[in-house]
Amino acid sequence: MNPVSTYAKAALVLLVVSFVAGGFGEAYVPSKLIVSGDAAATMRNIQTSDTLFRLGFIGYLIEATCDVSLALVFYMLLKPVRKDVALLAAFFGILATALFAVAELFYFAPSFILNGAGYLKTFTTDQLNSLAMLSLRFYSWGSGIFMRFTGRRGCCART
C-alpha cells in the first residue's frame, strides 16, 4: 500500500475521532451543564452530573491525543512537498495542543473548587460557585486561543 494513502486514511480516522470526541466534550457536555450567567445553577449541574462532566474531560483527552497524532501525520504527508512548511505545520499543531492542555486545567478546576476540601471552608458557597465559573471562563478563553491556532471556529463553553 502506498504510504501517502496510508497516512491520508490515518488522518481521516483521526479527524473523525477528534471531531466526535471534541464535539461531545466541547458542545454536548457544556450545553447540558453550563447555564450562561448563573454560577449557582452551573455548579449544581456539575455536581449532580459529575460523571458527564468527567466524560467531557475524557473527550478532550481523546481529542488532544488525536491532534498530536494528526500533527505527525500531516508532517509525514507534507514532508515530500516542502519539508520546512511541514515542520512549521507540525509545530503549530503541537503548540495548539499544548495551549489546549493548559485550558483544560481550567475546565477540570471546578471539580477541585467544589469538592468541599477543608481549606476551602473559608469561602461561602456563592464565592466557590463564582470561582468555579471564573475557571470555566478562563477555560473558554484559553480554548479560543487553541481554536485560532488550529483554524477551528467557535468556542466551547458558554459562560
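The values are calculated or read from the model by the stated rules, or taken from the named source; none is laboratory data. Note that the structure is predicted; figures quoted are calculated from it, not measured. Cβ: placed from backbone, ideal geometry, glycine included. Neighbour counts: every protein chain shown.
Descriptive notes on the structure:
- Looking only at segment 126-152, residues that are hydroxyl-bearing (S, T, Y), at pLDDT below 90 and touching a helix residue (DSSP H, G or I) at 6+ places or on another chain (Cβ under 7 Å) come to 3 in all.
- Looking across segment 58-106 at every residue that is among the charged types (D, E, K, R) and assigned to a helix (DSSP H, G or I), the one that is surrounded by the most Cβ atoms within 10 Å (Cβ to Cβ) is identified as E63.
- Qualifying positions in segment 37-53 - assigned to a loop (DSSP other than H, G, I, E, B) and under 19 Å from the mean Cα position of the chain (by Cα): S49
- Exactly one residue among L14, L33 is out of contact with any Cys (no Cβ under 9 Å at 6 or more places or on another chain) and either farther than 30 Å from L131 by Cα or not aromatic (F, W, Y) (or both), and that residue is L33.
- A residue that is crowded, with 18+ Cβ neighbours inside 10 Å and hydroxyl-bearing (S, T, Y) cannot be found anywhere in segment 22-39.
- Pairs, first under 18 Å from P3 (Cα atoms) in segment 64-91, second part of a loop (DSSP other than H, G, I, E, B) and at pLDDT below 95, C-beta under 6 Å, six or more apart: A86/K79
- Applying the condition of being part of a helix (DSSP H, G or I) and polar (S, T, N, Q) to segment 107-134 and asking which residue is surrounded by the fewest Cβ atoms within 10 Å (Cβ to Cβ) yields T125.
- Some residue of segment 3-15 being within 17 Å of E104 (Cα to Cα) and either of a type in the set (D, E) or in a helix (DSSP H, G or I) (or both): no
- Restricting the first member to segment 9-24 and to residues that are under 13 Å from Y60 (Cβ atoms), and the second to residues that are surrounded by fewer than 18 Cβ atoms within 10 Å (Cβ to Cβ) and of a type in the set (V, I, T), the beta-carbon pairs closer than 6 Å and six or more apart or on different chains are A21/I62.
- Close pairs from segment 27-45: first closer than 18 Å to A109 by Cα, partner part of a helix (DSSP H, G or I) and of a type in the set (V, I, T), Cβ under 6 Å, at least 6 apart: L33/I46; I34/T42; V35/T42
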